[in-house]
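Please see the structure below; I have some questions.
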Amino acid sequence: MARMLRTKPIEALLSHEEESGGSLRRNITLFQLTMLGVGATIGTGIFVILGDAVPKAGPGVILSFIIAGITAGLTALCYAELASTIPASGSSYSYTYATMGEMVAYLVGWCLLLEYGISASAIAVGWGQYLNELSFDVLGMRMPDAIANPPGVNGGIFNLPAVILVFMCCALLMRGAKESARANAIMVVIKIAVLIMFILIGMTAFHSTNLHPFMPMGISGVGAAASSIFFSYIGIDAISTASEEVQNPKRTLPLAILFSLAIVTTLYVLVALVGVGTQPYTEFSGNEAGLVHILRRITGAAWPAMILSMGAIISIFSITLVVLYGQTRILFAMARDGMLPKIFAKVDPRTQTPRQNTIIVGTLVAIAAALVPLDVLADLTSMGTLVAFGIVSIGVIILRRTRPELVRGFKVPLFPLVPILSVLFCAYLIVGLPTHTFILFAAWLSFALIFYFCYSMHHSKLEKKAD
């Protein structure tokens, strides 16, 4: 039991004097980090999941985004405090290791593997639809449904564009964090401009009658939709995974978290409002390219839909890039602590990136994106995200009690009310997830525990220090 409860000293997390095969380079600015957070969120809920969420909640999906945004906002404040106090790679995993002990941290790490790896797959599956829309507008032809759509959707069998997207992102990540952050910042600016275009054009066809009935499935439908779309807020966590590659992390991390959340929530709610205001909610379906069809119907012209398709293609690329980046950094931190095999912590001496780690992650994510249905991927991502977010909020309370003397670049306001509300909101959204998600999540954690007792417990750096 003592092994499972042992905590890693915060000083050790910050020292970087680990025998991990190398360290990461600090060259990411506040603007780039904010764009990294925006890049991990905007697009997921709008370009990929809106068609799945509206049938659950009707026009009330607007409230679903607001509920998810409030939950993310409460958690963002907790992340901002911990990130400014413990600016170490590994995000929730590292924070939990310092506050709740090895076992909980290890399980949080596995939740993050769900959050990032599965979300990358969930995001990538929508790429094929927008490629198809663009190729139709430009060339007048489409890819076969069998290779362009997610499995189980419109005849989809093997999602080939998703596989190509994942490996393109991995190739960019292996060039270096600075190059990836710069490319992402450019793509985020483009996607924001495209969504603003959608809002402005959509407002010309907005009819308030389309908002009635507002909650045809009741408050339960709004809650179910909020639970499903919450994975679109993982950008908060993605920011904190970059802690060891950020300039002046104690100031930059909390600012980037709060700035990105404000941008994301505002655009999410506006796009959702305009989207459901332009057509009856019954016309939304699981078609991930739904916004393109809205623009095409409103304008009667191909060019706005073509621009939106291009923006969506860029958007989904940038999101996939960021969540793959986050996944590799989580694995890097866990392997550096001995929780996973050393191959995940090896750093390429030339690019100073975890090259082998990236290749392994990319391969597994591509397989899931090609073969697993979108709704299963989205719900599993939400589960992993919500559990990790709730535990981080608890970690803030524990660290305030156990290490009050630590220098905190940012402090959660209205403590302890904000972290408690964060935990309660996360619990509410978890309850709204379907039963099969709980079964898959339990199976995932069972496998994690087996691996912990067979490998991680014995290879932990803390175990070696105890010997």
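With the structure loaded, tell me whether Met103 is assigned to a helix (DSSP H, G or I) and either among the basic types (Lys, Arg) or within 19 Å of the chain's Cα centre (by Cα) (or both) or whether it fails that test.
Spelling it out, it is not the case that Met103 is assigned to a helix (DSSP H, G or I) and either among the basic types (Lys, Arg) or within 19 Å of the chain's Cα centre (by Cα) (or both).
Residues checked against (1) over 26 Å from the mean Cα position of the chain (by Cα); (2) without any contact (Cβ under 8 Å) to a residue 60 or more places away in the chain; (3) assigned to a helix (DSSP H, G or I):
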| position | (1), (2), (3) |
| --- | --- |
| Leu377 | no, no, yes |
| Thr381 | no, no, yes |
| Val407 | yes, no, no |
| Leu414 | yes, yes, no |
| Pro419 | no, no, yes |
| Leu433 | no, no, no |
| Ser446 | no, yes, yes |
| Ser456 | no, no, yes |
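Then there's this: Go through the stretch 429-445 residue by residue and tally those that are of a type in the set (Val, Ile, Thr), over 19 Å from Val108 (Cα atoms) and in contact with a helix residue (DSSP H, G or I) (Cβ under 9 Å, 6 or more places away or on another chain). I'd like the intermediate steps shown before the answer.
Taking the stretch 429-445 as the starting set, the residues that turn out to be of a type in the set (Val, Ile, Thr) are 430-431, 435, 437, 439.
In the following step, the residues that additionally are over 19 Å from Val108 (Cα atoms) were identified as 435.
Still in the list and also in contact with a helix residue (DSSP H, G or I) (Cβ under 9 Å, 6 or more places away or on another chain): none.
Result for the stretch 429-445: 0.
Right, next: So Ser227 passes all but one of these: (1) at pLDDT below 80; (2) among the polar types (S, T, N, Q); (3) buried (at least 24 other Cβ atoms within 10 Å of the Cβ). Which condition number does it fail?
(1)
Show the residue pairs meeting these rules: Cβ distance below 6 Å; 6+ apart or different chains; first residue within the stretch 16-43 and within 20 Å of Gln327 (Cβ to Cβ) and small (Gly, Ala, Ser); second residue at pLDDT below 80 and surrounded by fewer than 22 Cβ atoms within 10 Å (Cβ to Cβ).
Ser23/His16
Would you check which residues across the stretch 435-444 are free of Cβ contacts under 8 Å to residues at least 24 places away in the same chain and of a type in the set (S, T, N, Q) and list them?
Of the stretch 435-444, the ones free of Cβ contacts under 8 Å to residues at least 24 places away in the same chain are 435, 439, 442-443.
Of everything in the stretch 435-444, just one residue is free of Cβ contacts under 8 Å to residues at least 24 places away in the same chain and of a type in the set (S, T, N, Q), namely Thr435.
Among the residues of the stretch 325-332, are any under 30 Å from Phe198 (Cβ atoms), in a helix (DSSP H, G or I) and not small (Gly, Ala, Ser)?
At the first step, the residues of the stretch 325-332 found to be under 30 Å from Phe198 (Cβ atoms) are 325-327.
Of the ones still in play, those that are also in a helix (DSSP H, G or I) are 325-327.
Then keep just the ones that are not small (Gly, Ala, Ser); that gives 325, 327.
Looking through the stretch 325-332, at least one residue is under 30 Å from Phe198 (Cβ atoms), in a helix (DSSP H, G or I) and not small (Gly, Ala, Ser).
I'd like to check something: does the stretch 85-102 contain any residue that is touching a residue at least 40 places away in the same chain (Cβ under 8 Å) and surrounded by fewer than 21 Cβ atoms within 10 Å (Cβ to Cβ)?
Residues of the stretch 85-102 that are touching a residue at least 40 places away in the same chain (Cβ under 8 Å), as a first pass: 85-102.
Add one more test, that the residue is surrounded by fewer than 21 Cβ atoms within 10 Å (Cβ to Cβ), and what stays is 100-101.
Yes.
Looking at Ala57, is it surrounded by 23 or more Cβ atoms within 10 Å (Cβ to Cβ), touching a helix residue (DSSP H, G or I) at 6+ places or on another chain (Cβ under 8 Å) and at pLDDT 80 or above?
On the way: surrounded by 23 or more Cβ atoms within 10 Å (Cβ to Cβ): yes; touching a helix residue (DSSP H, G or I) at 6+ places or on another chain (Cβ under 8 Å): yes; at pLDDT 80 or above: yes.
For Ala57, the condition - surrounded by 23 or more Cβ atoms within 10 Å (Cβ to Cβ), touching a helix residue (DSSP H, G or I) at 6+ places or on another chain (Cβ under 8 Å) and at pLDDT 80 or above - is met.
Criterion first (assigned to a helix (DSSP H, G or I), modelled with pLDDT under 90, of a type outside the set (Asp, Glu) and surrounded by 15 or more Cβ atoms within 10 Å (Cβ to Cβ)) does Leu462 satisfy it? Before the answer, list the steps.
Working: assigned to a helix (DSSP H, G or I): yes; modelled with pLDDT under 90: yes; of a type outside the set (Asp, Glu): yes; surrounded by 15 or more Cβ atoms within 10 Å (Cβ to Cβ): yes.
Yes: the conditions hold for Leu462.
What do you reckon, is Thr252 without any contact (Cβ under 8 Å) to a residue 40 or more places away in the chain, assigned to a helix (DSSP H, G or I) and over 19 Å from the mean Cα position of the chain (by Cα)?
On the way: without any contact (Cβ under 8 Å) to a residue 40 or more places away in the chain: no; assigned to a helix (DSSP H, G or I): yes; over 19 Å from the mean Cα position of the chain (by Cα): yes.
No; evaluated as a whole, the condition is false for this residue.
Continuing with this model, one more query. How many of the residues in the stretch 132-171 are touching a Ser or Thr at 6+ places or on another chain (Cβ under 8 Å) and either at pLDDT 80 or above or outside any helix (DSSP H, G or I) (or both)?
Within the stretch 132-171, the subset touching a Ser or Thr at 6+ places or on another chain (Cβ under 8 Å) is 133-134, 137, 141-143, 162, 165-166, 169-170.
If we keep only those that are either at pLDDT 80 or above or outside any helix (DSSP H, G or I) (or both) as well, we get 141-143, 162, 165-166, 169-170.
Qualifying residue count for the region: 8.
Tally the residues that are at pLDDT below 80 and over 29 Å from Gln352 (Cβ atoms), restricting the search to the stretch 231-279.
Within the stretch 231-279, residues that are at pLDDT below 80 and over 29 Å from Gln352 (Cβ atoms) number 3.
Take the residues in the stretch 82-91 that are touching a Gly at 6+ places or on another chain (Cβ under 8 Å) and in a helix (DSSP H, G or I), then tell me which one is modelled with the lowest pLDDT.
Ser84
The values are calculated or read from the model by the stated rules, or taken from the named source; none is laboratory data. Everything quoted here is computed from the prediction, not taken from an experiment. Every residue, glycine as well, gets a Cβ built from its backbone with ideal geometry; the counts of neighbours run over all protein chains shown.
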